[in-house]
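First comes the structure, then the notes that go with it.
The values are calculated or read from the model by the stated rules, or taken from the named source; none is laboratory data. What you are looking at is a predicted structure, and each value in this text was computed from that prediction instead of being measured. Glycine also receives a Cβ, built like all others from the backbone with ideal geometry; neighbour counts cover every protein chain displayed.
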Amino acid sequence: MKIHREGTNILIMLFLVLVAINAPVWLFMPPYVIPAVFTSISAVVYIFVFNFFRCPKRHYRGTRKDMVVSSVDGKVVAIEKVFEPEYLKSEAIMLSVFMSPLNVHANWYPVDGKVEYVRHHRGRFLSAYLPKASTENERSTIGMVTESGHRITARQIAGAMARRIVTYSRKGHTATIDGHLGFIKFGSRVDLYLPTDAEILVDIKQIVKGGVTPVARLKTSAE
């Protein structure tokens, strides 16, 4: 399993810290029981963090034209019509996926196309489940135009635990479903804003996988 580049330094530092904590415990405390407990707890902590930064290589094998694919692993928590004022500046269908600390936290592009807009906003760290997290929390907005001319928005949102959003996207970058647009550390959510006539392919509470699960189909001009 590949480790995401965002986790390499963290895992190295965590390993050194855990060794520094465990070494004197084994050297100076009564043998076996207490040191074994310390080491077991340290192993669980390290495996948890290691699991968080895993980064599976994925290749979308379905039809790409006019298809929107989930940007992240997690659970669909909202599908509703809202006004998106930042990039689309129009009504849109908001499709939100919440990531738990156990999910893969790499963020994939939802469509093939081109990045037209990127902006980071400072904000609060409310629970990512709350509706107002979309507008009040720390967040990054990425606006894209598909190869068919559809404009959609992806918004990375920090949560109560997630204190750092990493966005790789830059204006002018090529967006591809197999490519990473960013990473959110320690749980949060990503909102996709789609045209109001998009056909939604998932339901509330459905589990989706980033770069794998189709979540919507965009209408062609003929339709």
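Quickly run through the range 25-64 and pick out the residues that are surrounded by fewer than 11 Cβ atoms within 10 Å (Cβ to Cβ) and of a type outside the set (D, E, K, R).
Those that are surrounded by fewer than 11 Cβ atoms within 10 Å (Cβ to Cβ) and of a type outside the set (D, E, K, R): Leu27, Phe28, Pro30, Pro31, Tyr32, Val33, Ser40, Val44, Ile47, His59, Gly62, Thr63.
Return the residues of the range 55-81 that are within 13 Å of the chain's Cα centre (by Cα) and either over 12 Å from Tyr109 (Cβ atoms) or of a type in the set (S, T, N, Q) (or both); say none if nothing qualifies.
Cys55, Ser70, Ser71, Asp73, Gly74, Lys75, Val76
Which condition number does Phe38 fail, the rest of (1) out of contact with any helix residue (DSSP H, G or I) (no Cβ under 6 Å at 6 or more places or on another chain); (2) modelled with pLDDT under 90; (3) of a type in the set (Phe, Trp, Tyr) being met?
(1)
Please work out if Phe83 is aromatic (Phe, Trp, Tyr), exposed (fewer than 15 other Cβ atoms within 10 Å of the Cβ) and in contact with a strand residue (DSSP E or B) (Cβ under 9 Å, 6 or more places away or on another chain).
The answer is yes for Phe83.
Which residues, taken from the range 27-54, are touching a residue at least 12 places away in the same chain (Cβ under 8 Å) and over 34 Å from the mean Cα position of the chain (by Cα)?
Within the range 27-54, Pro35 is the sole residue that qualifies.
Residue-by-condition table, conditions (1) out of contact with any His (no Cβ under 7 Å at 6 or more places or on another chain); (2) among the hydroxyl-bearing types (Ser, Thr, Tyr); (3) at pLDDT 85 or above:
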{"position": "Lys132", "(1), (2), (3)": "yes, no, no"}
{"position": "Ile142", "(1), (2), (3)": "yes, no, yes"}
{"position": "Ser148", "(1), (2), (3)": "yes, yes, yes"}
{"position": "Ile152", "(1), (2), (3)": "yes, no, yes"}
{"position": "Gly159", "(1), (2), (3)": "yes, no, no"}
{"position": "Thr176", "(1), (2), (3)": "yes, yes, yes"}
{"position": "Gly211", "(1), (2), (3)": "yes, no, yes"}
{"position": "Pro214", "(1), (2), (3)": "yes, no, yes"}
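Against the condition out of contact with any Leu (no Cβ under 7 Å at 6 or more places or on another chain), charged (D, E, K, R), surrounded by 15 or more Cβ atoms within 10 Å (Cβ to Cβ) and farther than 17 Å from His180 by Cβ, how does Glu6 come out, does it pass?
No, not satisfied.
Pairs under 7 Å by beta carbon, first residue closer than 22 Å to Val115 by Cβ in the range 63-90, partner among the charged types (D, E, K, R) and buried (at least 19 other Cβ atoms within 10 Å of the Cβ), six or more apart or different chains?
From residues that are closer than 22 Å to Val115 by Cβ, the pairs are Arg64/Asp112; Leu88/Arg151; Ser90/Glu84.
What's the number of the condition Val19 fails, among (1) closer than 25 Å to Val202 by Cα; (2) among the aliphatic types (A, V, I, L, M); (3) without any contact (Cβ under 8 Å) to a residue 40 or more places away in the chain?
Looking at each condition in turn, Val19 falls short on (1).
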